[in-house]
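> Take this structure, written in structure tokens, and hold onto it; I'll ask about it next.
Computed from the coordinates by the stated procedures, all read-outs in this text should not be read as laboratory data. Predicted model only: the values in this text are computed from it and were never measured. Neighbour counts are summed over all protein chains in view; Cβ atoms, including those assigned to glycine, are modelled from backbone coordinates with ideal geometry.
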Amino acid sequence: MAAGKGTRLKSKHPKVLQEVGSKPILAHVIATAQKVVPAQDIFVIIGHDAERVREAVAATGVNFVLQAEQRGTGHALMVARGALSAYDQIIVLSGDAPLIAAETIRKLSAFHTAQNAAMTLLSADLDHPFGYGRVVRQGARVQAIVEEKSATPQQKKIREINSGFYAFAGPALYEHIDRLSTANAHGEYYLTDMAGVLHRAGKKVVAIKTSDPGEVLGSNTRAEMMDLDARLRLAKCRELLEAGVTIFYPNTCVIDGDVEVGADTVIEPFVQLLGNTKIGADCRIRSYSVIGNSVLGDRVIVKPGTIMEDSRVGAGAVLGPYTHMRPGTEVGEGAHLGNFVETKKIKLGKRSKANHLSYLGDAEIGEGVNIGAGTITCNYDGMNKHKTIIEDGVFVGSDSTLVAPVKIGRGAYIAAASCITEDVPADALALARASPKTCRRTRWRLGVRDKA
Ligand code: UD1
Ligand code: CA
């Protein structure tokens with residue numbers, strides 16, 4: 001069920017597309033469902049902002065049912081009758097509860113089958129059950145679920161809550177679903193009322209408790225969402241710690257679910273590793289670095305405050321502090337990029353260095369090259385981007401501007417502060433700057449006095 005608006009989040013985005021653990025909430029639920037049944041047996045009920053929700057998860061191959069008007073969770077299942085009524089067993093998942101484990105869904109299904117029940121709900125004992133539907137039992141049987149707003153003071157004390165995950169016998173559900181009514185606090189068709197409806201019809205309604213109440217938590221409010229996010233992040237950190245990665249103060253780090261990190265790599269506090277980032281073994285990622293969709297070899301050192309996006313880094317490279325690597329940066333083995341160096345779409349060869357204050361864009365830089373402080377590749381003429389080629393062993397003196405398209409031949413030497421507008425042949429010395437003019441000290445003094 002993913003058709004609701006999520007009013008309590010006060011957002012212009014639909015609730016199920018809000019992100020926790022870097023993925024839309026609904027994407028987590030679908031991924032888990034797919035571990036239990038194939039995509040063709042999954043039906044996502046969409047309604048609020050339906051097209052956006054559909055688009056966001058369509059690649060999974062699941063089916064969609066449109067609940068054009070959202071008149072409650074019971075109504076969602078009424079709308080899905082055509083799609084679902086042929087199934088013997090229908091498992092209902094809440095699109096806003098992303099921590100559910102595949103194993104728990106399997107247990108719910110198996111228990112339901114073993115009990116030969118009409119309806120089985122997954123329940124949990126919560127210390128703070130406020131807001132959840134409460135399970136009203138008569139021994140092993142469930143008599144009813146009462147929503148917070150309709151619960152009596154006595155029922156509000158019940159700590160066993162309805163998780164919003166259910167297994168139904170398909171025929172029993174659709175034989176009785178029309179008995180749901182909207183006579184309740186929200187004027188909606190509550191799916192939870194099916195417990196009472198089926199119980200009164202003499203059908204068997206039972207509940208199975210999860211061993212980990214954490215996995216049924218929903219995300220109705222921003223606070224709940226942030227709690228889910230923190231749980232997912234921490235679980236990822238635990239997985240990495242287990243795999244031999246050291247993470248100092250893991251609760252300060254943001255590490256996405258698909259990130260891979262090799263053993264003996266050390267991650268300092270306040271690091272973000274995002275998207276499909278892969279980091280080798282024996283690396284050190286120092287504080288305040290943000291690395292997205294990048295691949296780092298072994299023994300790479302990333303000093304504080306380095307920002308990296310869609311880049312590749314060879315083994316033993318040293319980056320930062322404060323290097324800004326934009327998409328398409330490829331750093332060779334043992335190469336260095338230092339502070340306040342910005343790169344974009346470049347190849348930096350093995351052991352080459354650009355240690356201070358540079359912009360290197362659209363450039364192919366060979367091996368063993370030294371790029372002096374303040375070097376700029378002028379890659380943009382206002383209309384088009386042009387390429388700079390710097391061959392192996394070149395020395396670029398500080399404060400040089402290389403006006404692309406331009407090629408610096410192997411082993412050439414660019415004198416400091418040169419503005420290079422033509423190709424430089426191999427092994428040449430290029431010096432392109434105004435020659436210094438000095439004045440006699442007395443005249444210089446006079447000049448100062450004149451100005452004053
Ligand atoms: C629901 C249960 C409550 C349970 C809680 C667990 C009902 C009436 N109450 O409350 O007993 O403790 O989940 O998290 O079911 N949805 C639709 N169509 C609709 C309305 C909702 O698809 O017309 C979807 C929502 O997008 C959401 C899910 O159903 O993913 C649950 O709806 P929500 O409004 O969050 O129900 P809760 O108030 O949390
Ligand atoms: Ca909810």
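> Report, please, the projected area of the chain averaged over directions, based on the convex hull of its C-alpha atoms, in nm². Walk me through the intermediate numbers first.
Working: hull surface 125.6 nm².
Averaged projected area of the chain's Cα convex hull equals 31.4 nm².
> Could I ask something else about it? How much mean residue ellipticity at 222 nm does the chain get from its helices, if each DSSP H run of length 4 or more adds -39500 (n - 2.57) and you divide by all residues, to the nearest 500 deg cm²/dmol?
Working: 10 runs with 95 residues, N = 452.
One gets -6000 deg cm²/dmol as the mean residue ellipticity at 222 nm.
> In whole Hz and in residue order, list the ³J(HN,Hα) couplings for region 87-97 that follow from phi through the Karplus curve 6.51 cos²θ - 1.76 cosθ + 1.60, θ = phi - 60°; x for Gly and Pro.
3J(HN,Hα) across region 87-97, in whole Hz: 7, 5, 10, 10, 9, 9, 10, 8, x, 10, 10.
> Something else: Given axes a ≥ b ≥ c from the Cα gyration tensor, I'd like to know whether region 76-191 is rounded (a/c under 1.5), prolate (a/b larger than b/c) or oblate.
Numbers: a/c = 1.62, a/b = 1.23, b/c = 1.32.
Taking the square roots of the gyration eigenvalues as a ≥ b ≥ c, region 76-191 is oblate.
> Please list, ordered by chain and number, the residues whose modelled amide H lies under 5 Å from the amide H of V254; skip anything fewer than 5 residues away on the same chain.
V271, Q272, L273
> ³J(HN,Hα) across region 416-429 via Karplus (A = 6.51, B = -1.76, C = 1.60, θ = phi - 60°), whole Hz, x for Gly/Pro?
3, 6, 7, 10, 9, 10, 10, 4, 10, x, 4, 6, 7, 9
> Which links in K278/K347; K278/K303; K236/K387; K15/K236; K23/K344 stretch past 29 Å when you go from one Cα to the other?
Working: K278/K347 19 Å; K278/K303 17 Å; K236/K387 41 Å; K15/K236 23 Å; K23/K344 27 Å.
Checking Cα-Cα distances, K236/K387 exceed 29 Å.
> Give the average over all directions of the projected area of the C-alpha convex hull of region 1-142, one decimal, in nm². Don't skip to the answer; put the middle values down first.
Working: hull surface 38.1 nm².
Over all viewing directions, region 1-142 projects a mean Cα-hull area of 9.5 nm².
> K204: which lysines have alpha carbons under 25 Å from its alpha carbon, excluding same-chain residues fewer than 8 sequence positions away?
Answer for K204, where 25 Å is the Cα cut-off: K107, K156, K157, listed by chain and number.
> Hey, what do the phi angles of region 47-55 turn into as Karplus ³J(HN,Hα) couplings, whole Hz, using 6.51/-1.76/1.60 and θ = phi - 60°, x for Gly and Pro?
Values per residue, Gly and Pro as x: x, 5, 6, 3, 5, 5, 5, 4, 4 Hz.
> Counting other Cβ atoms within 10 Å, keep those with at most 13, restrict to DSSP loop, and tell me which GluC sites (Glu not before Pro) in region 1-96 are left.
Working: sites: E19, E51, E55, E69; in loops: E69.
Loop-located and lightly packed - E69.
> Check each of the chymotrypsin sites (Phe, Trp or Tyr not before Pro) in region 181-269 and keep only those in coil by DSSP with at most 15 other C-beta atoms within 10 angstrom; list them in order. Each step should come with its number before you reach the end.
Numbers: sites: Y189, Y190, F248; in loops: Y189, Y190, F248.
The qualifying sites are F248.
> A further question on this structure: In the chain, once you exclude exposed trypsin sites (Lys or Arg not before Pro) (DSSP loop, at most 10 other Cβ within 10 angstrom), what's the longest stretch remaining? All intermediate terms of the calculation are to be shown ahead of the outcome.
Working: sites that count: K10, K12, K157, K437, R440.
Free of exposed loop sites, the longest segment is 158-436.
> Net charge near L17, counting Lys/Arg +1 and Asp/Glu -1 over other residues with Cβ under 12 Å of its Cβ? Could you put the intermediate results ahead of the total?
Working: positive: K5, K12, K15, K23, R52, R54; negative: E19, D49, E51, E55, D96.
Once all neighbours under 12 Å are counted, the net charge is +1.
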